[in-house]
Amino acid sequence: MFDPHSDALVMGVVGTGTMGRGIAQIAAAAGVSVILADARPGAAEEAVAALDAAFDRLAEKGKLTADAASSAKARVTPVAPDAPDFAQCALVVEAIVEDLEAKRALFAGLEAVVGDECVLATNTSSLSVTAIAAACRRPERVAGFHFFNPVPLMRIVEVAPGVLTAPAVTEALAGLGARMGHVTAVTKDTPGFLVNHAGRGYGTEALRILGEGVADCAAIDRILTGAAGFRMGPFELLDLIGIDVSHAVMESLYGQFYQEPRYRPSVLPRQLVAANLLGRKTGRGFYAYENGRPLLPPEAPPPDAAPRPLWIGMRNAEGAGLLMRVLDGLEIETGDRPSAHAACIVAPLGEDCTTAALAEDLDPRRTVAVDTLFGLDGRRTLMTNPVTDPAVRDAVHAALARGEAVTVIHDSPGFVAQRVVAMIVNIGCDIAQQRIASPADIDRAVPLGLGYPHGPLAFGDRLGAHRILEVLDALHAFTGDPRYRPSPWLKRRALLSVPLTTLEA
């Protein structure tokens, strides 16, 4: 088995697309000698020239010394894909087309050249490592080594052993990933591995909310960035990745998990793909684009509404306390029941405004709901029900808009942010439950791979596992949809009042 820390380590990379070049770049920068090949004649030489230019730019920016850049350039050698040069490699990483038979054929050819101890690693993001290895003479030396684009910036790599992969192979690849400056997450060989699997909650739930008519794309994106802390809203992200690419991944993982309801795709992106509205690359997707920037609908200013007495429901005492703080200075009724003219505000977890109003025996026409789960120091979400009086809605909107932006949505169990984050946490918990990856690796890898503000388990602990469970239970009860059933990992730890990272004895 190769020593990941050896100064004499020679590594082959097959495939000179952005992924292959990125892997070669970080390996060479880490002191590894790289043999670079591609099936297209001249591609390897073009890739080496591009890498030379990249190292020169890094030196110009002061991120590498001139000597380090020169040494890194000298470590990358272009060769033909069937060259005998691969015989000296202790490791070969393939970064070719996502096609099972193509990868199997490549590894079969490499096995005729490399030594018996050479590790064969696949950068696949969607195919089974075990299926790729099954066609090899020595499947125990095959493993997944999955980087993310752009490789030098996305400092996370997944090491995915197949069913027959030798433990020493996994350990060596994990060590090499660390040497190359990346956080290494060891994950089981399951569809989507760790990061793409964990990403099933963000876009799919946002699409469901859009499909239910709760809010438009811009409102959903604004809530999830302004209230829940995500760097980019789900619809801007889908447009950036490419709706065709994103939808294909959604459909693929849904099929590979035998139609698991948590990963159910939406018809909405399929319609856009049919119309060739693929996002930024075509100039229009969920948004239209001008000079590469989305054309967002402007937000209407807060209504100039006549003030009226406000009454706050105490069913969620913590949420009521937050509302009392931000509405301080306004006329707030403190009686057990609201007066006939008061606007009633509730702060449900997982419920919609209709259910929460009826649970507190309030007049739905005078009742609105506010999401307090994420605090009220950022964007605030105001939810109406089908019969809410517009004058009541506007009065509460104006009251909440003092100092912070407010987004008004239609009735939805779990608002917007509660639903999306609960799904992210629940899927992260189920990844832990299935032992696909350790809790520590889940929370390290997901923020790096997906840009989330927190790892799924850490997110749940920050908000409270019992609150996430309450949101999911309410969603499940209201919709009857098994996509919202809580993971056993979440449910047990919420009931025991222990962190979601707690391991079993």
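The values are calculated or read from the model by the stated rules, or taken from the named source; none is laboratory data. Because the structure is a prediction, the values reported are computed rather than measured. Quick reminder, even Gly has a Cβ in these numbers, built from the backbone with ideal geometry, and neighbours come from all protein chains shown. Areas reflect the complete protein model, heavy atoms only, side chains present, ligands, DNA and RNA absent. Shrake-Rupley method; radii C 1.70, N 1.55, O 1.52, S 1.80 Å.
What ranking, highest mean first, results for peptides 322-335, 148-161 when packing means the other Cβ atoms within 10 Å averaged over each residue? Show your work: numbers first, answer last.
Details: 322-335: 13.8, 148-161: 20.3.
Put in order of decreasing packing, that is 148-161, 322-335.
Relative contact order for the chain using alpha-carbon pairs under 8 Å, separation at least 6, rounded to a whole percent?
About 12 percent, as a whole number.
For Ala50 and Arg231, compute 0.36 nm times the residue count separating them, minus their Cα-Cα distance, and round to one decimal in nm. Could the numbers behind the result be given before it?
Details: separation 181, 0.36 × 181 = 65.16 nm, distance 3.04 nm.
Separation in residues times 0.36 nm, less the Cα-Cα distance, equals 62.1 nm.
State, as an integer percentage, the relative contact order of segment 1-155 based on alpha-carbon contacts under 8 Å between residues 6 or more apart.
Rounded, it is 27 percent for segment 1-155.
Which value does Rg/Rh take for segment 1-135 over its C-alpha atoms, Rh per Kirkwood? Don't skip to the end; give the middle numbers.
Working: Rg = 14.8 Å, Rh = 15.1 Å.
Reported Rg/Rh (Cα atoms, Kirkwood Rh): 0.98.
Can you give me the distance in nm between label points at Ser70 and Met1, each placed 7 Å from the Cα along the Cα-to-Cβ direction?
Output for this residue pair reads 3.8 nm.
Positive end of the dipole of the chain, charges at C-beta (+1 Lys, Arg; -1 Asp, Glu), about the Cα centre: which of Leu36, Ala274, His247 has its Cα farthest in that direction?
Projecting each Cα onto the dipole axis, the largest value belongs to His247.
Which three lengths, in whole Å and largest first, does segment 132-282 cover when its Cα atoms are put on their principal axes?
52, 32, 27
Of all GluC sites (Glu not before Pro) in segment 258-326, which ones are in loop regions per DSSP and have a Cβ with at most 15 other Cβ atoms within 10 Å? Provide the component values of the computation, followed by the final result.
Values: sites: Glu290, Glu299, Glu318; in loops: Glu299.
Within segment 258-326, the qualifying GluC sites (Glu not before Pro) (loop, at most 15 other Cβ atoms within 10 Å) are Glu299.
Which one, Met1, Leu51, Leu110, projects farthest toward the positive side of the charge dipole computed for segment 1-113 from Cβ point charges (K/R +1, D/E -1)?
Of the options given, the answer is Leu51.
According to a simple spin-label model (label point 7 Å from Cα along Cα-to-Cβ), what is the distance in nm between Arg137 and Glu117?
A separation of 1.7 nm, rounded to one decimal place.
Over segment 75-156, give the accessible area per residue in Å² for a 1.4 Å probe, as an integer.
Working: 3170 Å² over 82 residues.
Result: 39 Å² of accessible area for each residue.
Taking the mean number of other Cβ atoms within 10 Å as a proxy for protection, how do you rank 2-9, 466-473 from highest to lowest?
466-473, 2-9
So how do 391-397, 304-310 stack up, highest first, on mean other-Cβ count within 10 Å?
391-397, 304-310
How high is the relative contact order of segment 374-505, given as a whole-number percent (alpha carbon pairs under 8 Å, six or more residues apart)?
Numbers: 152 pairs, mean separation 29.7, N = 132.
Worked out over segment 374-505, it gives 22 percent.
Could you calculate the FRET efficiency of Ala477 with Lys281 from 1/(1 + (r/R0)^6), where r is the beta carbon distance between them and R0 is 45 Å, rounded to 0.05?
Step by step, r from the Cβ atoms, then E = 0.65.
How big is the charge dipole of the chain about its Cα centre, in debye rounded to the nearest 20, if each Lys and Arg gets +1 on its Cβ and each Asp and Glu gets -1 on its Cβ?
100
Give a quick list of chymotrypsin sites (Phe, Trp or Tyr not before Pro) in segment 278-343 that DSSP marks as loop, anything other than H, G, I, E or B, with at most 15 other Cβ atoms within 10 Å.
Qualifying residues, ordered by number: none.
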